Amino acid sequence: GTLWTWGVNTNGVLGLNNTVARSSPVQVGLLTNWKQVSAGQNTMAAVKTDGTLWCWGYNAHGQLGDNTIAWRSSPVQTISGGTNWKQVSCGEYHTAAIKTDDTLWCWGYNGSGQLGDNTINDKSSPVQTVSGGTNWKQVGYNTGQDYQLSSTNGLFMSAIKTDGTLWTWGRNNLGQLGDNTTVDKITPIQTIAGGTNWKQVTCG
């Protein structure tokens with residue numbers, strides 16, 4: 001249950017209370033109750049075994065979810081608090097997470113509607129996707145190769161629901177949302193192919 005980070009440490013993204021780069025793993029604090037972690041380009045987030053959600057690093061768009069735009073070099077708890085966070089994933093400038101009740105929440109940069117809340121306004125604390133629902137299975141982030149079952153990118157997102165349907169939203173200039181258009185979507189929409197047998201998704 002210990003948490004370890006290494007690499008570039010710009011903006012304090014390693015959570016070590018400094019900005020010194022590390023070429024080998026360094027433990028973040030002394031706690032032994034970390035459950036799941038996600039590393040974005042500029043931020044990191046993790047869920048503890050008690051269900052609390054913590055973020056740190058670059059925060060210019062509020063992607064740490066602490067109701068500020070102040071950068072943090074050590075973990076801070078999301079403003080919404082709570083002990084029912086299940087899975088979190090960091091994007092380039094935004095963050096998404098699923099609670100134990102299978103609701104989906106997003107925050108941070110929203111210029112292309114990638115937060116799915118029917119706006120294009122940045123959010124510095126978690127907001128629920130406008131489609132709502134309590135059947136989201138997994139959401140994730142990908143900057144290249146990723147083993148998440150679904151993912152978010154800097155400008156668009158994708159996720160699979162528990163019913164096996166595939167949903168995307170955000171930037172769509174190249175048809176990356178799979179809805180047979182090139183129009184951005186500010187709320188989750190189902191891919192044009194439909195179906196209830198989607199198992200894994202990732203986006204670049």
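For this structure, a couple of remarks:
- Cα gyration tensor, segment 1-112 - rounded (a/c under 1.5), prolate or oblate: oblate
- The dipole here belongs to segment 1-151: it is taken about the Cα centre, uses +1 on the Cβ of Lys and Arg and -1 on the Cβ of Asp and Glu, and is about 260 debye.
- Furthest towards positive pole of dipole, M157, W71, T32, structure part the chain, Cβ charges: T32
- A straight chain from S23 to N173 at 0.36 nm per residue would run longer than the Cα-Cα distance by 50.2 nm.
- Cross-link pairs K86/K137; K99/K199; K123/K199 - those with Cα-Cα distance over 18 Å: K99/K199; K123/K199
- Theoretical FRET efficiency, 1/(1+(r/R0)^6), r = Cβ-Cβ of T134 and I192, R0 22 Å, to 0.05: 0.35
- Element breakdown for the chain at a 1.4 angstrom probe: carbon and sulfur atoms account for 52% of the accessible area.
- Under the Karplus curve 6.51 cos²θ - 1.76 cosθ + 1.60, θ = phi - 60°, whole-Hz ³J(HN,Hα) for segment 85-99, x wherever Gly or Pro sits: 8, 10, 8, 10, 8, 9, x, 5, 9, 8, 9, 9, 8, 10, 8
- Tensor-based shape of segment 64-113 (alpha-carbon gyration tensor, a/c under 1.5 rounded, otherwise prolate or oblate): oblate
- Contact order relative to length of the chain, as percent, for alpha carbon pairs under 8 angstrom and 6 or more apart: 14
- The residues of the chain expose, per residue, 44 Å² of accessible area to a 1.4 Å probe.
- The structure shown yields Cα extents along the principal axes in Å, and of the options (1) 88, 38, 31; (2) 53, 40, 30; (3) 47, 30, 29 that calculated value carries the label (3).
The values are calculated or read from the model by the stated rules, or taken from the named source; none is laboratory data. Just so it is clear, the model here is predicted, and its values are computed rather than measured. Counting neighbours? That spans all protein chains shown, and the Cβs are built from the backbone with ideal geometry, glycine included. Surface areas here come from the heavy atoms of the whole protein model, side chains and all, with no ligands, DNA or RNA. Shrake-Rupley method; radii C 1.70, N 1.55, O 1.52, S 1.80 Å.
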